[in-house]
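All remarks here apply to the structure that follows.
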Amino acid sequence: MGDARRLAEVAHQRGGRLAAEKVRLLEDLRERGALGRRERRGVAASVNYLRAYPDDAAVRRAAERLAAELPAEEVVYEYSYGVLQRLVRLFPGALEFDWELLPDDGPIIEALEVLLPPGERQAFESGDLGVEEWFSLARPEPGCTDLEHLLRLFERSSLPGQARVLLFERCELPVRYAGPPSTRIAFPTGRVSYRRRPPDRSRFPLPPVIRSPLGRLRRGGPREIDLALQALCARSLEIHSLIYPNPEEVWIADCGRGLEVLLIGTHPDWRGPWEVISFFGIVQNGVPLAYGPAGVFGGCCEMGINLFPEFRGAEIRNIYAQLMRVLHHHLGVEYFFLDRYGMGVGNPDAIASGAFWFYRKLGFLPTEPVIAELALREEERMRREPGYRCDRRTLRRLSHTEAYLDLSGGRLRPLDLAGLGAAESAQVARRFAGDRERARRASVRSVAKVLELDPREPALPGLAPTLALLPDLEGWPRAERRRLARFVRAKGAAQEAEAARLSARLPRLLAGLRALARPEGGGSL
């Protein structure tokens with residue numbers, strides 16, 4: 001058996017002389033130098049695991065030494081506009097178009113015809129000049145890549161922000177990225193936590209852990225944002241909640257034994273009207289393990305963690321419990337849920353991984369009674385027939401439900417945001433003949449008056465069109481209108497977490513919004 005295969009075999013094991021063997025294998029692989037591409041990927045996965053969960057200081061040092069020498073692998077991906085803006089500032093010259101993989105240069109030529117002055121647009125009229133040739137002759141300086149040149153054109157254009165994003169991403173540009181590999185990405189960490197025993201796989205109940213006290217979160221900033229972005233981009237990944245981050249809202253929670261949860265808010269220019277959307281990253285001894293989005297409103301949060309492959313099967317129950325603990329204390333979440341996609345509907349990966357049973361073991365319950373009955377029958381069969389596992393057909397049947405873990409005692413449940421949007425559209429059509437600007441001005445004016453707010457409050461344009469549909473807003477008790485006004489101000493503040501916490505303490509608002517989201521709901525401006 002080769003060193004790389006043996007390292008993969010023992011990396012997750014503990015005890016005996018395994019720590020010394022891991023050090024030897026890591027040092028042998030480092031001295032050997034060049035590895036094949038497939039072998040290198042396997043070694044990188046083992047190295048990352050041992051950086052995160054080292055047996056002792058010697059294993060950690062050996063893993064870090066090998067990690068520093070593993071070469072970067074160039075990745076190709078259609079990164080978003082906001083991600084590329086940040087990456088080219090971090091790594092000038094390290095990103096470029098992969099012209100050979102560009103499926104069609106028509107969209108990028110159309111974008112250039114919007115960005116360039118009339119005289120330069122003529123270059124494309126005959127069809128003789130290709131877009132790659134144009135970049136070669138228009139490059140402002142030798143060190144500037146074609147991608148950097150295009151981004152400058154977008155940034156200096158007079159287009160509104162969202163129009164720039166839509167025009168850029170319509171081009172579907174494959175980009176080659178040669179940034180730091182995953183083995184060299186590490187968050188600042190204090191005391192390293194070592195693992196001398198196998199991972200704890202006991203099925204402890206989650207609610208007591210989620211409710212257990214959490215120390216004060218410490219502030220982070222742009223450095224943590226950059227590291228989180230690099231951790232994803234090195235794996236050809238990105239996530240919407242990290243494309244436009246808020247450097248004023250970066251928080252780090254120490255959850256013990258080397259585990260930290262990173263929360264990054266959304267930049268004020270890109271927030272949604274109701275949900276408080278954050279990026280979360282899970283870090284063990286400074287090594288990124290997992291990531292995902294957290295959208296919180298009314299004390300409810302949709303769950304789902306994207307775990308990097310080498311960490312699947314690690315201390316996953318504790319990882320979930322600690323993330324939920326941070327969301328509970330920092331953002332006021334008391335109801336965690338998954339939609340049907342997360343359970344497997346239209347999601348082959350969730351079916352293959354047995355997502356329904358994974359979340360059931362965590363304590364999540366199905367919302368559909370027929371699925372709850374099917375799950376009980378399957379569990380009874382598992383008890384009768386040791387070794388029985390339900391087939392994919394049954395897993396697909398089980399996936400047709402949402403699932404939830406409720407700490408609120410039945411007080412909370414998710415809001416239908418899509419239904420709210422439809423109610424607002426219908427009202428704009430009925431009352432304002434589709435004139436959205438007139439509807440916005442009218443709603444801001446009326447809601448600001450009722451809630452005694454400055455009409456220039458930043459969050460009002462997004463919230464007021466829906467708030468104005470509440471038929472009895474003006475008749476609310478003054479104390480409740482004041483609490484709602486606090487929520488509106490918090491939604492437009494530099495940091496948005498207070499809005500998430502406040503939204504769970506507005507039962508009259510939540511009931512009114514729930515009524516609006518139903519087909520028979522509605523009100524008048």
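The values are calculated or read from the model by the stated rules, or taken from the named source; none is laboratory data. This one's a predicted model, so the numbers in the text were calculated from it and none came from an experiment. A quick note on method: Cβ atoms are made from the backbone with ideal geometry, for glycine too, and the neighbour counts reach across all protein chains shown. Remember, those area values only see protein heavy atoms, side chains included, never the ligands or the DNA or RNA. Shrake-Rupley method; radii C 1.70, N 1.55, O 1.52, S 1.80 Å.
Below 12 angstrom from the Cβ of Arg235, what's the summed charge of the other residues (Lys, Arg +1; Asp, Glu -1)?
Neighbourhood net charge equals -2.
Post the alpha-carbon centroid distance, the range 11-60 to the range 443-504, in whole angstrom.
First find each Cα centre; the distance between them is then 55 Å.
For His328, tell me the accessible area in Å² from a 1.4 Å probe, rounded to the nearest 10.
40
By the scheme Lys and Arg +1, Asp and Glu -1, what is the net charge of all other residues having a beta-carbon under 12 Å from that of Pro54?
+4
5 Å is the cut-off here: which amide hydrogens, built 1.01 Å from N in the peptide plane, fall below it relative to Glu96, excluding neighbours closer than 5 in sequence?
Sorted by chain and number, the residues that satisfy this are Arg176.
Placing one identical point scatterer on every Cα of the chain and ignoring solvent, what is log10 I(q)/I(0) from the Debye formula at q = 0.08 Å⁻¹?
-0.64
Return the whole-Å distance between the Cα centroid of the range 206-235 and the Cα centroid of the range 405-435.
30
Probe radius 1.4 Å, ligands and nucleic acids ignored: give me the carbon and sulfur share of the accessible area of the range 230-292 as a rounded percent.
The value for the range 230-292 is 52 percent carbon and sulfur by accessible area.
What number comes out for the charge environment of Phe91, summing +1 per Lys or Arg and -1 per Asp or Glu over other residues with Cβ under 13 Å away?
0
Give the carbon-plus-sulfur fraction of the accessible surface of the range 138-202 in %, rounded to a whole number; probe 1.4 Å, heavy atoms of protein chains only.
49
Using a 1.4 Å probe, what is the accessible area per residue for the chain, in Å²?
48
Output ³J(HN,Hα) for the range 386-393: one whole-Hz value per residue in order, computed from phi by the Karplus curve 6.51 cos²θ - 1.76 cosθ + 1.60 with θ = phi - 60°, and x for Gly and Pro.
x, x, 5, 9, 5, 7, 5, 4
Using modelled backbone amide H atoms (1.01 Å from N, in-plane), which distant-in-sequence or interchain residues come within less than 5 Å of Glu402's amide H?
Those qualifying (amide H under 5 Å, at least 5 residues apart or on another chain) are Thr367, Glu368.
Tell me whether the range 372-492 comes out rounded, prolate or oblate; compute the Cα gyration tensor, take square roots of the eigenvalues as a ≥ b ≥ c, and use a/c under 1.5 as the rounded threshold.
prolate
So who's got an amide H within less than 5 Å of the one on Thr266, skipping anything under 5 residues away but keeping other chains? H placed 1.01 Å off N, in plane.
For Thr266, whose amide H was placed from the backbone, the distant partners under 5 Å are Asn246, Ile277.
Each residue of the range 147-152 in turn: what ³J(HN,Hα) in whole Hz from Karplus with 6.51, -1.76, 1.60 and θ = phi - 60°, glycine and Pro shown as x?
5, 4, 4, 5, 4, 5
Assuming a ≥ b ≥ c are the square roots of the Cα gyration tensor eigenvalues, decide whether the range 225-368 counts as rounded (a/c under 1.5), prolate (otherwise, with a/b larger than b/c) or oblate.
Cα axes put the range 225-368 in the rounded bin.
Just to check I understand the Karplus step: with θ = phi - 60° and J = 6.51 cos²θ - 1.76 cosθ + 1.60, what whole-Hz values come out for the range 268-279, glycine and proline as x?
x, 5, 10, 6, x, x, 10, 5, 9, 9, 10, 8
For Arg381 and Ala511 in the same chain, what is the full-extension length gain: residue separation times 0.36 nm, less their Cα-Cα distance, in nm?
Result for the pair: 42.7 nm of gain on full extension.
Starting from the Cα-Cα distance between Asp435 and Arg257, subtract it from 0.36 nm times their residue separation and give me the gain in nm to one decimal.
58.5 nm
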